[in-house]
Structure formats: structure tokens, C-alpha cells
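In what follows, a single structure is set out as C-alpha cells and then discussed.
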Amino acid sequence: MRSRPKVAFFDFTGCEGCQLNKLNLEDHLLDILEQVDLVEFREAMDETAESYDIAFIEGSLSTPSCIERIHDIRRRTRILVALGACAATGGINALKNIHPIDDVRETVYGSEKYRFPTLPALPVSAVVQVDYEINGCPMSLPEFLNVFKALLMNKTPDIPDAAVCVECKLRENECLYDRGMVCLGPITRGGCEAICPSFGQFCTGCRGLVSDPNRQAMLDILTDHGLSLNDAKKRLLLFNSHSLNPSSGLTH
């Protein structure tokens, strides 16, 4: 009898919202658990394992111990998946990278800063090989299910790379720019079914950028619709501080 794949979930620097979000799978959760051996998941169990067929990683890497731990997990894992914005792109955590790291430590920890070694917040792929990424803050439950099922069937998951604007068009949403709002949909990776614009909320870019985004055109659109250049840059940096090169001028 073929053994069930060993699956683990690990958390690093983040709110653990993506891990908790999985518990909202409800009816799907029991079906999934029948197909795998869940060997590590701090939110739900105490057991540990020697190795993993699939490891889902939540959170960015921001301390020396994070770096050591992710290397150890990678060595013992067949397929490693970055789960959510922090793990996939650095997320909001990477905003700290805009500032000198010593200033960050001073602001957060004050006179106790020497007790807390810290590094720039990094996506998992900046340190070890990542096989797949599930984007979003929090990650999309339908996308998580699709990726998980594909991996269990030894298939390559379909990872979206079209912009959120494409999904808005498919859902026949009125463009938020026509409603006097500004939105990062033109350069943000889709796969969320444009959930925020569909409910009247502008896209904040939590799913990271599409491949080869036109950053300058996005800045032009934002400033043409009323934002100052400084505020426009802040919008782009909110979830994408790591991927947006400081030499582009976005952090100045």
C-alpha cells in the first residue's frame, strides 16, 4: 500500500494568519487530511517529523535563527511552498528594509536592542530554493486548495501571472479608477478572483507584482489620479518593498 505524503506547516516572521486561514477550509479540511499524514503544524499539534514530502512555509525570514531553521527544513523537504505574502515576497515586514537596520532595532527595542538580533525581512526564496508560491495576505483558500491538490496528484500547479485587472474584466467589475479611487490592479499578480475590487475595495498589491511590471507607468497612473509622487511610491512599497529595487528611486 502506498504511503500517504508527509505534510508540514511552519511559521516564521508573520501574523500566522495564513495558517489560521486554512482552518476555514471546513468541509474540505477533513477530505485533505484523509489523503496526507500531517506531521507538523504548530497551530494544531505537538508532533514533529524527520522529513517532509511537502512543507508549507508562512512568514518572512528576519533573524539569524530564521536563516538557520529554513536551511534545515529545506534539507529535509522534497517540495517547499511559500505560503502568503510574507513568505512569497517579504510582505509588509519588508518595509523595515527601507530603513537602516540599526535604526529599526532602536525604534522597536530601544535600550534592549542588543538582545534581539535582526536582519532585513526576506522572502523564503531569497535564502533557499522555493518550488511554488501561494501569494496574498492572507493567501487565497481556493488557490491553496488548487495547489495542494495538484501536488498530491504529482501535477504542476497553475500559478497565475496575469494582473488583477484581467480578473476584474472577467467579472465585469466597474473600474475603481472610474469611481474616483486608485488601485494597484494593473501590476499586481492575480489569482484572487479580484476579490477586493469586487467588493469595492482597491487592490493594495498584497499578491506581489506580475512578471516585468511597468513600475513607472503605474506611478504615472497614480499621480495622474491625484496622489503625490511620494504617496504613490508608498502605495507600491506597501507589499513590495523587497522586490522593488531601491535604485529605481522608489525608496527615495
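The values are calculated or read from the model by the stated rules, or taken from the named source; none is laboratory data. Just so it is clear, the model here is predicted, and its values are computed rather than measured. Here the Cβ is made from the backbone with ideal geometry for all residues, glycine too, and neighbour counts use every protein chain on show.
Where residues in the range 123-133 are of a type in the set (A, V, I, L, M) and not in a helix (DSSP H, G or I), which of them is nearest to residue 97 (Cα to Cα)? Break it down into steps so the answer makes sense when it comes.
Here is the first cut: in the range 123-133, the ones of a type in the set (A, V, I, L, M) are 124, 126-128, 130.
So of that shortlist, the ones also not in a helix (DSSP H, G or I) come out as 127-128, 130.
Working: 127: 16, 128: 19, 130: 21 Å.
Step by step, filter the range 123-133, then rank; the result is 127.
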**Which listed residue, of 216, 201, is surrounded by fewer than 13 Cβ atoms within 10 Å (Cβ to Cβ) and in contact with a Ser or Thr (Cβ under 9 Å, 6 or more places away or on another chain)** = 216
**Conditions (1) of a type outside the set (Val, Ile, Thr); (2) touching a Ser or Thr at 6+ places or on another chain (Cβ under 9 Å); (3) in contact (Cβ under 8 Å) with a residue 24 or more places away in the chain; (4) assigned by TED's automatic domain parsing to the domain that holds residue 77: number failed by residue 173** = (4)
**Prompt:** Is it true that some residue in the range 112-121 is surrounded by 21 or more Cβ atoms within 10 Å (Cβ to Cβ) and either in the same structural domain as residue 31 (by TED's automatic domain parsing) or not polar (S, T, N, Q) (or both)?
**Reply:** yes
**Request:** Mind counting the residues in the range 134-176 that are crowded, with 17+ Cβ neighbours inside 10 Å, under 15 Å from the mean Cα position of the chain (by Cα) and not in a helix (DSSP H, G or I)?
**Result:** 8
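Might you check whether a residue that is among the small types (Gly, Ala, Ser), surrounded by fewer than 16 Cβ atoms within 10 Å (Cβ to Cβ) and either more than 30 Å from residue 8 (Cα to Cα) or at pLDDT 95 or above (or both) occurs anywhere in the range 70-84?
No, the range 70-84 contains no residue that is among the small types (Gly, Ala, Ser), surrounded by fewer than 16 Cβ atoms within 10 Å (Cβ to Cβ) and either more than 30 Å from residue 8 (Cα to Cα) or at pLDDT 95 or above (or both).
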**Complete:** Picked from the range 196-252 (must be modelled with pLDDT of 95 or more and acidic (Asp, Glu)), the residue farthest from residue 167 (Cα to Cα) is 231
